[in-house]
């Protein structure tokens, strides 16, 4: 004989577990975006924004530095949009882009699951942690920021942009 109360309890337990793990509770669901994505792709996702704790106000000097240092530099942002750290870095990069007019030189790469073809792109740039922002000039990396963006993120980006181009390195 089937114990009705037992099965009702099992069903309720399953429903509770599923709802506790739902996108509504975790704040994010897989995006379906893989590989190179645009800012518009990211912003079209529901619940992609995070709390920008620690983000500093962008003062005029910082914005001027970023505008002045854009000469041929490109920012590559490797991320996993399932990670709140990656979403936070994307938001902070968007703020920098908006303030400094840096939109043409930023590319985003999203990798949410193992995919050999896509994983190879991250391996070429030696990306082992998400998020990772690379400053690239003349096709070569001149700066790298990995992990959770901290309160100095914007200053670190400026410092990375100040790094000399590979052609400017002096031998000796």
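The values are calculated or read from the model by the stated rules, or taken from the named source; none is laboratory data. The structure displayed is predicted, hence computed values, not measured ones. We place every Cβ from the backbone using ideal geometry, glycine too, and count neighbours over all the protein chains shown.
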> Among (1) under 21 Å from residue 40 (Cα atoms); (2) out of contact with any helix residue (DSSP H, G or I) (no Cβ under 6 Å at 6 or more places or on another chain); (3) buried (at least 21 other Cβ atoms within 10 Å of the Cβ), which single condition is residue 130 missing?
Replying inline: (2)
>> Can you pull out every residue in the range 137-152 that is modelled with pLDDT under 90 and crowded, with 18+ Cβ neighbours inside 10 Å?
In response: 137, 142, 143, 149
> Looking at (1) modelled with pLDDT of 75 or more; (2) outside any strand (DSSP E or B), which is the only condition residue 50 fails?
Replying inline: (1)
> Filter the range 88-114 for residues that are out of contact with any helix residue (DSSP H, G or I) (no Cβ under 8 Å at 6 or more places or on another chain) and at pLDDT below 80; which is nearest to residue 76 (Cα to Cα)?
Replying inline: 105
>> Can you go through 129, 151, 112 and tell me which one is over 21 Å from residue 66 (Cβ atoms) and in contact (Cβ under 8 Å) with a residue 40 or more places away in the chain?
In response: 112
>> Can you say whether residue 93 is in the same structural domain as residue 43 (by TED's automatic domain parsing) and touching a strand residue (DSSP E or B) at 6+ places or on another chain (Cβ under 7 Å), as far as the supplied structure shows?
In response: yes
